[in-house]
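The values are calculated or read from the model by the stated rules, or taken from the named source; none is laboratory data. Please read all numbers here as calculations on a predicted model, not as lab measurements. Backbone-built Cβ (ideal geometry, glycine too); neighbour counts: all protein chains shown. Note: accessible area is taken over every heavy atom of the protein model, side chains too, but ligands, DNA and RNA are not part of it. Shrake-Rupley method; radii C 1.70, N 1.55, O 1.52, S 1.80 Å.
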Amino acid sequence: MGNNKPKLVVLSGAGISAESGLGTFRDKGGLWDQYDINEVATPEAWEKNPALVLDFYNQRRKLVLEAVPNDAHFALVELEKSFDVHIVTQNIDDLHERAGSTNILHLHGEILKAQCSIDESEVVKLNGPDIKLGDVSKKGYQLRPHVVWFGEAVPKMFEAEKIVNDADIFIVIGTSLNVYPAANLIYACKKTCKKYLVDLNELSTVKFKNLIHLRGNASEKVPELAQKLIKESNITI
Ligand code: APR
């Protein structure tokens, strides 16, 4: 409980940024329909063809820079007035930051940052849209996107579990919960935690009871849920 406000934790995925124009991964026509994960989002892909990997992320980075937060992102900022809000996002865009959220953990990295290709602890903020072959770290090694690829460890997973552990309210927004270990976070909250799911579709992966599913677009359903929670919190406090 930050300054005795109830703790509200969000787990967001690509669906929250869909209405900002950023494609999701597994919807029809999504990124993984257009690209082969093994060509652009694994350490082996990087070894085999770094230029192709850099190009894939350069293209996505340009779209992120053109995108703007939508009402779902802004509603989460609104919640900070009544709740101790923590955002755990699988997204590598900076839309939560640009909307004004103050407590954000990126589980899968950040597309606007680069890291040394042999020392992941050396992370640099990009000041342009591209990482090119020949852009090197302080150590003199090629820079790569600061993104967690398939097959790589998720360094912030333990920190994320601790954030979810003592949530009073847990809201899952726009993720198919297909990717592990991130998807395990839904089992990290305490029994008494109130759980909500905002998603366009029914999720076959979610098998836990007493979950309230608000089915629809995040930009409509998240503001609706935020208003409801703020009203309820004003009554109880
Ligand atoms: N409003 C709400 N939900 C939506 C919307 C929308 N406008 N559009 C799509 N969705 C939902 C879909 O129904 C789906 O459940 O968002 C989810 C998107 O799922 P994925 O495309 O699998 O994206 P995500 O779950 O974030 O992927 C997780 O996989 O590729 C890796 O690292 C990548 O972080 C990503 C991870």
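In region 27-43, what residues are out of contact with any Lys or Arg (no Cβ under 9 Å at 6 or more places or on another chain), in a helix (DSSP H, G or I) and surrounded by 13 or more Cβ atoms within 10 Å (Cβ to Cβ)?
Of everything in region 27-43, those that are out of contact with any Lys or Arg (no Cβ under 9 Å at 6 or more places or on another chain), in a helix (DSSP H, G or I) and surrounded by 13 or more Cβ atoms within 10 Å (Cβ to Cβ) turn out to be I37, V40, P43.
Would you mind stating whether V77 is touching a Gly at 6+ places or on another chain (Cβ under 8 Å), more than 16 Å from the ligand (Cβ to nearest atom) and outside any loop (DSSP other than H, G, I, E, B)? Outline the logic, then answer.
Working: touching a Gly at 6+ places or on another chain (Cβ under 8 Å): yes; more than 16 Å from the ligand (Cβ to nearest atom): yes; outside any loop (DSSP other than H, G, I, E, B): yes.
For V77, the condition - touching a Gly at 6+ places or on another chain (Cβ under 8 Å), more than 16 Å from the ligand (Cβ to nearest atom) and outside any loop (DSSP other than H, G, I, E, B) - is met.
Hey, can you tell me all the residues within region 98-116 that are open to solvent by 40 Å² or more (accessible area, probe 1.4 Å) and more than 16 Å from the ligand (Cβ to nearest atom)?
Of everything in region 98-116, those that are open to solvent by 40 Å² or more (accessible area, probe 1.4 Å) and more than 16 Å from the ligand (Cβ to nearest atom) turn out to be R98, T102, N103.
Assuming L54 fulfils every condition listed in (1) touching a Lys or Arg at 6+ places or on another chain (Cβ under 7 Å); (2) assigned by TED's automatic domain parsing to the domain that holds K162; (3) buried (at least 20 other Cβ atoms within 10 Å of the Cβ) apart from one, which condition is it?
Only one criterion in (1) touching a Lys or Arg at 6+ places or on another chain (Cβ under 7 Å); (2) assigned by TED's automatic domain parsing to the domain that holds K162; (3) buried (at least 20 other Cβ atoms within 10 Å of the Cβ) is unmet by L54, namely (2).
On the given criteria, is V148 surrounded by 15 or more Cβ atoms within 10 Å (Cβ to Cβ), at pLDDT 95 or above and over 28 Å from P223 (Cβ atoms)?
yes
If a residue counts only when it is in contact (Cβ under 8 Å) with a residue 12 or more places away in the chain and charged (D, E, K, R), which strands (runs of 3 or more DSSP E) contained entirely in region 134-217 have at least 3 such residues?
194-199
Out of all the residues in region 44-58, is one or more closer than 30 Å to E78 by Cβ, assigned to a helix (DSSP H, G or I) and either within 15 Å of the ligand (Cβ to nearest atom) or out of contact with any Cys (no Cβ under 9 Å at 6 or more places or on another chain) (or both)? Give the steps one after another, and end with the answer.
Filtering region 44-58 down to residues closer than 30 Å to E78 by Cβ leaves none.
No, there is no match, as no residue in region 44-58 is closer than 30 Å to E78 by Cβ, assigned to a helix (DSSP H, G or I) and either within 15 Å of the ligand (Cβ to nearest atom) or out of contact with any Cys (no Cβ under 9 Å at 6 or more places or on another chain) (or both).
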